[in-house]
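What follows is calculated from the coordinates using simple rules that are stated; it is not laboratory data. Source: prediction; values computed, not measured. Note that we place each Cβ from the backbone using ideal geometry, even for glycine, and neighbour counts take in every protein chain shown.
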Amino acid sequence: VTLLLSRGANPRLQDRRGQDALMKLVRRDFLGPAEGCAWSWEPQFGSRLLGPALESSGPMTLESAKVAGEADPDCVGFSYGMAQSDEDEDGRYYVTLHGAPPSPASK
């Protein structure tokens, strides 16, 4: 498991049917997140992310947004709102991935 994660395997990536055959084989061996892979996605209502919007923003599911955020080294969080009319049939929202805000010294 450690070797797979050190080579860039992502336990959240999925095929068309929502399954990753390789990770299904080793997932049962996970006792917790691998070293350096502990992500915590916690909603913070009433807060605004001040960083710039990243290019990978767009319509996606919340699970896809988590995967995109974890894959982008510049991402510090994401915000989401309703897609075109309401939540799409497939559970997609308009997700904006945010980078780190500029430091006060660079203003």
Work out how much length SER40 to THR2 would gain on full extension: take 0.36 nm times their residue separation and subtract the Cα-Cα distance, in nm to one decimal.
11.7 nm
Under 5 Å from the placed amide H of THR61, counting only residues 5+ away or on other chains, we find TYR93
What is the set of long-range amide H partners of GLY77 at a cut-off below 5 Å, with H atoms built 1.01 Å from backbone N?
HIS98
Two pseudo-spin positions, 7 Å from Cα along C-beta at GLU70 and at TYR94, lie apart in nanometres by 2.7
Could you run the Karplus curve 6.51 cos²θ - 1.76 cosθ + 1.60 with θ = phi - 60° over the stretch 65-82 and give me ³J(HN,Hα) per residue in whole Hz, x for Gly and Pro?
5, 5, 5, 5, x, 6, 7, 9, x, 8, 7, 10, x, 9, 10, 9, x, 4
3J(HN,Hα) from dihedral phi, the stretch 42-50, Karplus parametrisation 6.51/-1.76/1.60, rounded to Hz, x for glycine, proline
10, x, 10, 5, x, 9, 10, 7, 8
